[in-house]
1. Output the relative contact order of region A:81-170, whole-number percent, from Cα pairs under 8 angstrom with separation of 6+ residues.
2. Let me cross-check A:Glu343: its accessible surface, 1.4 Å probe, with only protein heavy atoms counted, in Å² to the nearest 10?
3. Any idea how far the Cα center of region A:291-340 sits from the one of region B:90-115, in Å?
4. Residue separation times 0.36 nm, minus the C-alpha to C-alpha distance between B:Asp205 and B:His15: what's the value?
5. Got a sec? Which residues of region A:1-32 lose 50 Å² or more of accessible surface with every protein chain in place, vs. that chain alone, 1.4 Å probe?
6. With an 8 Å cut-off on Cα pairs and a minimum separation of 6 or more residues, tell me the relative contact order of chain B in percent.
7. Test of understanding: extend the Cα→C-beta vector of A:Ser16 to 7 Å, then name every residue of region B:132-161 with backbone N under 12 Å from that spot.
8. If exposed chymotrypsin sites (Phe, Trp or Tyr not before Pro) are those in a DSSP loop with at most 16 other Cβ within 10 Å, what is the longest stretch of chain A that has none?
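The values are calculated or read from the model by the stated rules, or taken from the named source; none is laboratory data. From a predicted model like this one, the values you see are computed outputs, not experimental measurements. We place every Cβ from the backbone using ideal geometry, glycine too, and count neighbours over all the protein chains shown. Quick note on the areas: whole protein, heavy atoms, side chains included, nothing else; ligands and nucleic acids left out. Shrake-Rupley method; radii C 1.70, N 1.55, O 1.52, S 1.80 Å.
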Amino acid sequence: METFVNLGIAKVHLVSRKRQSFIALTGVAFGVSLYILLISFMEGINLYLMDSMLSSTPDVQLLANTGNSKSEVGPSGNIGSDFIKNTEVLLDHIREDKNVLAVSPVLTQQCILFSGPVQLNVRLDGVKINEEMQVLKLSGKMISGNASDLAYKSNGILLGKGLADKLNVGMGGTVTAFTPEGRMAQFRVVGVFRFGLGFVDNTRAFLNIGSVRQLMPAEPGQATSIHIRLKDPDKSKEMAESISSRYGVKAEDWATSNASILATVTARNVLTYVVSLALLVVAGFGIYNIINLTITSKMKDIAILKSIGFTGRDIATVFLSQCLVIGLIGSAIGALAGFGFSEALSRVSFPSSETVSFSYFPVSFKARYYLIGVFFGVATSLLPGLLPSIKASGTDPLSILRR
Amino acid sequence: MNKVLIAEHLNKYFHEPVESQVLHDISLSLDRSQFVTVMGKSGSGKSSLMYVLATLDTDYDGNLFICGERMTGLTENQLAQFRNRHIGFIFQYHYLLPEFTALQNVMIPGLKLKHKSSAQVRDDAMALLEQMQMGKFAEYLSSKLSGGQQQRVAIARALINHPDIIMADEPTGNLDSANTAIIFDIFRKLADEGNTIIAITHDMDFVRKADAGFEIRDGSLSSYIEGAKK
Ligand SMILES: Nc1ncnc2c1ncn2[C@@H]1O[C@H](COP(=O)(O)OP(=O)(O)OP(=O)(O)O)[C@@H](O)[C@H]1O
Ligand SMILES: [Mg+2]
């Protein structure tokens, strides 16, 4: 009221219409907090899936190029059952590429795993574990055991969490593998991993490449796929294309391998923004109504203020600053509430599911979401106030004084 | 620079609902420290004249000077600032801001002008309220005051920036005779203190308290009545 008379008048207006100010404030706070909660949760899921994808999928994966698409996916759903030609030469070439961080040859065999009465269809990835661990982030995903133990336990096997649960085996337990060709071998569990993606954790096992070679059988130096980790994962697509054309192999980047998951990420993002936008638009309409009502009921005040020397700009300031204050306080409350909601949600345990394995609702806490939330909160308060305020600033005091 | 207000050949027309002329070639001038009244029948054009003189209405022909400055042709913003600094207003229906206290209402034009610190404006406003016998109502919401009290607050507000001219449109039109008498006395006192005042009124008693009086008839400033004081 004292130094900044326009703001002082705005304050009196806000305070003397407590109920309306409160409703406007609540609308903004509600919109902002739900936006923050929603985006934190959706981004939490997305980040979790991205991390799971990136750690369980090589940046680029090379497969044999047979020209016959049927043999790539065999009768048993076997991926890459054909061998890559000249694997050793190819490995050396790729290893020398300056974009490449690590390469790992993989021998994949589809088979059935037994443990007691349970039998499951499993993809056995025969790897040189020390090389594979530079491509896939296995070490961080171990629930029990060490992935690197595989190096000196020639009949060892690493099982996905879902797989181990279904087979009902733990560390030190044994499983039996049967190939469709009728070969058989026994392995001892030296570790259990969980990437968090059902289709990996329920169907994947890692063994030494030698074990799979015997089981298939394959010649030494042969591989069904080559896993590549790049220095810059963003270059995956172009690298896949250049390797594919240079060496005549089929090369797939991680995004292509995970296209279906990436589609759900996009869908979630779109949903988040649509819902948040709808919330904020509703809040904005509420504010538009309230500020319009305030201005209509204040026409007499506007005329008085103008007759005692307030300019149109002063009048607009009086009403816009009310919107701004509602926007700022509402957004601040909304940001705090959003943080509280997110915090609470992150403590709620996630119902167990086949496709993903969270122990708690995944929630991502990032200052960016709060800044965006506050920005939108202030914008949805200011924008609806703009038109009525400009209208108010142009009011002809005479039209009211004359009655 | 003895003339506070000079109006030259003012003509004003309304185009709605029918084409009509409300002000006919009105010329007048006010000396500093002069207290004049404008009388006239209802609908004769008193308020219309006042709004033009007050710079609130810019839709007229002719010339208007206040304190030697030409008002005609100034922009809305320039006029608003000029009113804040030089003109004090008193309307028939008090026109206070209802959600503000009496003191705040008086202070607002002073805070807007920013010639004084807010503490100084507060002290001045308080002094004016005391002068209007309204000191003990300073913290009342203006909507909680009676009509006569509100009008006294409005007068205090009109005086806060020491205006060169005070304009009043039927300041007692809404009041009972006791309150009317109080307001008359206040105006007389203000005039004696050297304020320049132009007031519209129906009341012959009021006219007699003034230095001079005009009468407006069908939009023409047709006669001049010597005030009882002169
Ligand atoms: N906005 C307007 N549009 C058209 N005509 C108007 C408008 N305002 C006033 N008039 C007309 O102008 C004439 C003068 O009106 P004005 O309000 O100046 O009268 P007044 O002398 O103040 O009357 P009162 O004593 O009742 O207040 C009237 O005939 C009125 O009908
Ligand atoms: Mg009138």
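1. Numbers: 85 pairs, mean separation 19.9, N = 90.
Relative CO of region A:81-170 lands at 22 percent.
2. Answer for A:Glu343: close to 50 Å² accessible.
3. That distance is 19 Å.
4. Values: separation 190, 0.36 × 190 = 68.40 nm, distance 3.57 nm.
The B:Asp205-B:His15 span can extend by a further 64.8 nm.
5. Checking the loss per residue gives A:Met1, A:Glu2, A:Val5, A:Val12.
6. Numbers: 459 pairs, mean separation 65.8, N = 230.
Rounded, it is 29 percent for chain B.
7. Within reach of a label on A:Ser16, which here means backbone N under 12 Å from a point 7 Å along Cα→Cβ, region B:132-161 contributes B:140-145.
8. Values: sites that count: A:Phe4, A:Phe358, A:Phe365.
The segment A:5-357 is the longest one with no such site.
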